[in-house]
Amino acid sequence: MKAFGEIWRSNIFQKWLMALTGLLLVGFLLGHLSGNLLVFLGKEDINSYAHGLRTMGHGMVIWIVRLGLLSMFVLHVTAAITLSRRNRAARPQSYAKVTPRKSTVASRTMLYSGLLLLSYVLYHLAHFTWGAVHAGNYAGQIGWEYTLADGTLVPDVYRMVVASFQVPLIAVLYVLSMVMVGLHLNHAIASAFQTMGVTNQRLVPLIRRIGPALSFIVAAGFSAVPLAILAGVVK
Amino acid sequence: MNLRLHIWRQSGPDAQGMLKTYDVQNVSEHMSFLEMLDVLNEDLLTKGEIPVAFDHDCREGICGTCGMVINGRPHGPLVRTTACQLHMRTFKDGDEIYIEPWRARAFPVMRDLIVDRGSFDRIIQKGGFVSVNTGNAQDGNAIPISKKDADRAMDAAACIGCGACVAACPNSSAMLFTAAKVGHLGSLPQGQTERSTRAMNMVLQMDAEGFGACTNHYECEAACPKGISAEFIAQMNKDFVASAFGGRD
Ligand code: HEM
Ligand code: SF4
Ligand code: FES
């Protein structure tokens, strides 16, 4: 019997980890996106939604979700780096001439789009969650409370988002990052199903079309908020 | 036609190699690519130079011995065509052609365009076989096999073990080769005896040889002279976890 450690370290097992965690992260992104789009409904909707997230299950749920996300990120990134290093080592001498046939810009730059994504996530957390950058727009500051329809005093998330994206540099940074997300997912979504062994000939062509389409929807959906605010449509 | 070739020359496994440029004249469009190299080698021999070493055997696209990267594509520009079945009519007068060996840590260069593909043999030894009864041959139709399964096994069995998939893969992964073997035997009733451990054992050997991991670029299936589908890779991914959690290895 092989030890589980040997199986865990194998290339295919690491690929499975990357696919499973990646798809769960995609699921999170879709949930996150649907929340963000509440900005278009107005102040009350997004602020009560944000308040709901923070207080769900006596404030426990958000911490469970955060812990889950963190572990998925750690697993995904460590597997990505481990495999990328092995892949590089597998070809010590490169070709003088390479003429690709089926790989794409997205598939060949997964590590780079991923690493840029990682730095974006840290910046994004520092911005909206920790208030460590662009602190002048942080929703948690004194004087920025918003009163919900039921009278509860909550941080004004809506104001934070609008004030931030009225700064062109911040809006452009976010939109560029979403292009990065789109690039990563363009290859990632369909790839994950191949990794997880989907062979059905009715499903595979469908997945290879839905993957890139979904990646575009995610990138465009997230970009809509900063773009609408920058254009003054939402204020 | 006249051609300019840039060929990887390396005198031995540990020697430093480099691309060298050769001009060949009066190449007939009816020659195969290997015949063109034969002509170059004749020429080099008469000049007292060392001929270019390359692998070949059947020269009819069935043995998997030949193989070189021609202008950045394993076996050259045509689909489903081995280097020996590539003809010079694919090229035109004045073309510059880069000729390099398969590049992978698990395929060390022995000399010029010849690489050692012993790593493939070691992968096969780990599970590329089935258990059979010795003695009298069984009645031909004793084991029912559906046409679909037989076809699928045949599609996978078409792999000639040339290594073009590894050469084409940006990660030097041997997934397509290994998956073809796992998929071939796994599709047939005769292959079920070792089914639960085959993928596990062959995959771990593949890792140990230093092949890279698959990132689903699908360069392998595009380069494969036998058109093996990357669907077999997905199947092997599934067989591997099935072994991991249900195998008796
Ligand atoms: C929201 C964040 C992210 C999501 C939703 C995501 C999603 C995915 C998915 C679904 C896959 C496909 C797995 C497979 O092919 O089996 C993948 C692959 C990959 N990811 Fe991510 N990822 C994210 C962040 C990152 C980060 C931060 C890195 C940083 C290193 C990264 C690096 C990679 C690499 C190198 C691959 C492998 C490419 C391949 O096998 O084709 N990803 N990602
Ligand atoms: S899968 Fe195709 S490219 Fe790879 S070794 Fe077999 S025949 Fe050659
Ligand atoms: S020499 Fe046999 S396949 Fe080319």
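What the table below lists for this structure:
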{"read-out": "Linear extension gain, A:W8 paired with A:I142, 0.36 nm per residue minus alpha-carbon span", "value": "43.3 nm"}
{"read-out": "Region B:4-64-region A:17-58 distance, computed between alpha-carbon centres (Å)", "value": "61 Å"}
{"read-out": "Most fluctuating residue given options B:L176, B:L45, B:L113, as computed from a GNM of chain B linking Cα atoms under 10 Å", "value": "B:L45"}
{"read-out": "All lysines inside 29 Å of A:K235 as judged from Cα atoms, apart from same-chain residues fewer than 8 positions distant", "value": "A:K43"}
{"read-out": "Entries of A:K2/B:K181; A:K97/B:K181; A:K102/B:K92; B:K20/B:K181 with Cα pairs more than 32 Å apart", "value": "B:K20/B:K181"}
{"read-out": "Crossing angle, helix B:195-208 versus chain B [Cα axis fit, 0-90 degrees, rounded to tens]", "value": "30 degrees"}
{"read-out": "Residue-normalised accessible area of the protein assembly as shown, given per residue in Å² at a 1.4 Å probe", "value": "48 Å²"}
{"read-out": "Size of charge dipole - chain A - debye, nearest 20, with Cβ of Lys, Arg +1 and Asp, Glu -1, no other charges", "value": "1520 debye"}
{"read-out": "Beta bridges by DSSP in region B:3-110, antiparallel share as percent, to the nearest 5", "value": "75 percent"}
{"read-out": "Furthest towards positive pole of dipole, B:C63, A:I189, A:M60, structure part the protein assembly as shown, Cβ charges", "value": "A:M60"}
{"read-out": "Zone of A:E44's modelled label, taken as backbone nitrogen in region A:145-163 under 18 Å from a point 7 Å along Cα→Cβ", "value": "A:146-159"}
{"read-out": "Helix-derived mean residue ellipticity, 222 nm - over the protein assembly as shown, DSSP H n ≥ 4, -39500 (n - 2.57), to 500", "value": "-16500 deg cm²/dmol"}
{"read-out": "Given charges at beta-carbon only (K, R positive; D, E negative), |dipole| of the protein assembly as shown in Debye", "value": "800 debye"}
{"read-out": "Approximate spin-label separation A:T55-B:A158, in nm, with each point projected 7 Å along Cα-to-Cβ", "value": "6.5 nm"}
{"read-out": "Cut-off under 5 Å, modelled amide H: who pairs with B:S173 long-range", "value": "B:G212"}
{"read-out": "Under the span-like rule (Cα at least 24 Å along the axis, Kyte-Doolittle mean at least 1.6), DSSP H helices of chain A", "value": "A:203-230"}
{"read-out": "With every protein chain in place, region B:3-110: carbon and sulfur % of accessible area (1.4 Å)", "value": "46 percent"}
{"read-out": "Threshold 10 Å² - residues in region B:57-78 whose accessible area is reduced by that much or more when the chain is no longer isolated, probe 1.4 Å", "value": "B:V69, B:N71, B:G72, B:R73"}
{"read-out": "Residues in region B:173-202 that, when all protein chains are in place, have 50 Å² or more less accessible area than the chain alone would give (probe 1.4 Å)", "value": "none"}
{"read-out": "Degrees, to the nearest 10: B:33-46 long Cα axis against longest axis of chain B", "value": "40 degrees"}
{"read-out": "Chain A - convex hull of alpha carbons, volume per residue in Å³", "value": "184 Å³"}
{"read-out": "Apportionment of accessible area to carbon and sulfur, region B:121-249, percent (1.4 Å)", "value": "51 percent"}
{"read-out": "Test item: Cα-centred dipole of region B:3-110, Lys/Arg +1 and Asp/Glu -1 on Cβ, debye", "value": "400 debye"}
{"read-out": "Delta accessible area of at least 50 Å² on complex formation, residues of region A:182-202, 1.4 Å probe, chain isolated as reference", "value": "A:Q194, A:T199"}
{"read-out": "DSSP bridge pairs, chain B: antiparallel proportion in percent, nearest 5", "value": "75 percent"}
{"read-out": "Carbon plus sulfur fraction of accessible area for chain A, probe 1.4 Å, in percent", "value": "71 percent"}
{"read-out": "Accessible surface buried once B binds A (1.4 Å probe; total of both sides; Å²)", "value": "4100 Å²"}
{"read-out": "Long pairs among A:K15/B:K148; B:K126/B:K226; B:K147/B:K238, criterion Cα-Cα beyond 28 Å", "value": "A:K15/B:K148"}
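The values are calculated or read from the model by the stated rules, or taken from the named source; none is laboratory data. Keep in mind that what you see is a predicted model, and the values were worked out from it rather than measured. Glycine gets a Cβ as well: all are built from the backbone with ideal geometry, and neighbour counts include every protein chain shown. Only protein heavy atoms, including side chains, enter the accessible area calculation; ligands, DNA and RNA are left aside. Shrake-Rupley method; radii C 1.70, N 1.55, O 1.52, S 1.80 Å.
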